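These notes are about the structure you will find just below.
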Amino acid sequence: MIMNDLGAFYICFKEKTAIEKSIASFKEFYPDAPLYLTSDGGYDYSYLEPQYTNVKCVLDKEMTVGVTKDIEKMVAANQFPIVQLFMASMQFLRRLKAGVDYCKTKYILLMEPDVFVRGTLNLTEYELVGPKPNPMPQPVQQYIIDQGGHNNVAWGAAAGVMQTKAFNIIYDDLVNHQHKMLEWLYMDPRMACYDYLLTFLFSMYGFRYEENPDLTECNRNPNWKTSNHPLLHQYY
């Protein structure tokens, strides 16, 4: 892998220590790689910019993960603020697009405060890779098939790696046809959560989402400390 092929995109809130350690882990192996961070109404992390090369930290309004964090409560109550979820979905995509445009790299690593890098990554030919712990509902899978997409079966793209070329194709179409996003949210409002959203969108536009062999999740792998995976999720 050419070192400048990879950039990083963060979404976060008020996880100061975790963010500092996570960014340090990425920059240890990719010191010159661009990194774009959006804080969803949380702390202003711009104090980190002078500490590293090619880092941009933006404090945005609470419109994305701050809205979707209560999705399970919405499911339990069967009450979904569709307009807010629609706005959260589109706003996340706009912020990710800003990160893609800032990094100008072939791949983007989708970082969170609980993602930790402990080695260089081996990027694959797939458009999106990550964990796949959550099966999409059968009606959603059938809808993807019926619409001519690629059924990737399961979602969970936190700590994922995506090809920016594929994302730009999706974004350029969807930003001009936003009614699609609204229709899809009526089908399953949980789609507003970005790790589900990205997997669904890549599926709808015919792209592959596969397991990332570089990644292990600490809560699901009791041997994560001694494994040789260079990328950790659920690391605290």
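Write out, first by first residue and then by second, each pair whose Cβ atoms fall under 7 Å of each other, whose residues are 6+ apart or on separate chains, and whose first residue, in the stretch 76-97, is part of a loop (DSSP other than H, G, I, E, B) while the second is surrounded by 16 or more Cβ atoms within 10 Å (Cβ to Cβ). Close Cβ pairs (under 7 Å, with a partner that is surrounded by 16 or more Cβ atoms within 10 Å (Cβ to Cβ)) amount to Phe80/Met74; Phe80/Pro189. Criterion first (touching a helix residue (DSSP H, G or I) at 6+ places or on another chain (Cβ under 7 Å) and free of Cβ contacts under 8 Å to residues at least 40 places away in the same chain) does Val153 satisfy it? Taking the combined requirement at face value, the residue satisfies it. Selection of first residues in the stretch 33-59 that are over 17 Å from Glu15 (Cβ atoms) and of second residues that are assigned to a loop (DSSP other than H, G, I, E, B) and among the polar types (S, T, N, Q), restricted to Cβ pairs under 7 Å at least 6 apart or on distinct chains, gives the following pairs, ordered by first then second residue: Ala33/Asn54; Pro34/Asn54; Pro34/Thr105. Every listed requirement among (1) more than 21 Å from Arg95 (Cα to Cα); (2) of a type outside the set (Lys, Arg); (3) surrounded by fewer than 18 Cβ atoms within 10 Å (Cβ to Cβ); (4) more than 16 Å from the chain's Cα centre (by Cα) is met by Asp173 save one, (1). The number of residues in the stretch 120-167 that are outside any loop (DSSP other than H, G, I, E, B), closer than 27 Å to Cys218 by Cα and open to solvent by 40 Å² or more (accessible area, probe 1.4 Å) comes to 2. For the stretch 14-49, taking the residues that are farther than 19 Å from Cys103 by Cα and in contact with a Pro (Cβ under 8 Å, 6 or more places away or on another chain), the one that is least open to solvent (accessible area, probe 1.4 Å) is identified as Ala18. Checked against the criteria, Phe86 does not count as closer than 18 Å to Ala8 by Cα and either open to solvent by 10 Å² or more (accessible area, probe 1.4 Å) or in contact with a Gly (Cβ under 6 Å, 6 or more places away or on another chain) (or both). The set of residues from the stretch 50-74 being surrounded by 13 or more Cβ atoms within 10 Å (Cβ to Cβ) and in a helix (DSSP H, G or I) comprises Val65, Gly66, Val67, Thr68, Ile71, Met74. For the stretch 36-68, a residue qualifies if it is among the basic types (Lys, Arg) and under 22 Å from Leu109 (Cβ atoms), and exactly one does: Lys56.
The values are calculated or read from the model by the stated rules, or taken from the named source; none is laboratory data. Just so we're clear, the structure is a prediction, and the values are computed from it rather than from any experiment. Note that we place each Cβ from the backbone using ideal geometry, even for glycine, and neighbour counts take in every protein chain shown. Accessible surface areas use protein heavy atoms only, side chains included; no ligands, DNA or RNA. Shrake-Rupley method; radii C 1.70, N 1.55, O 1.52, S 1.80 Å.
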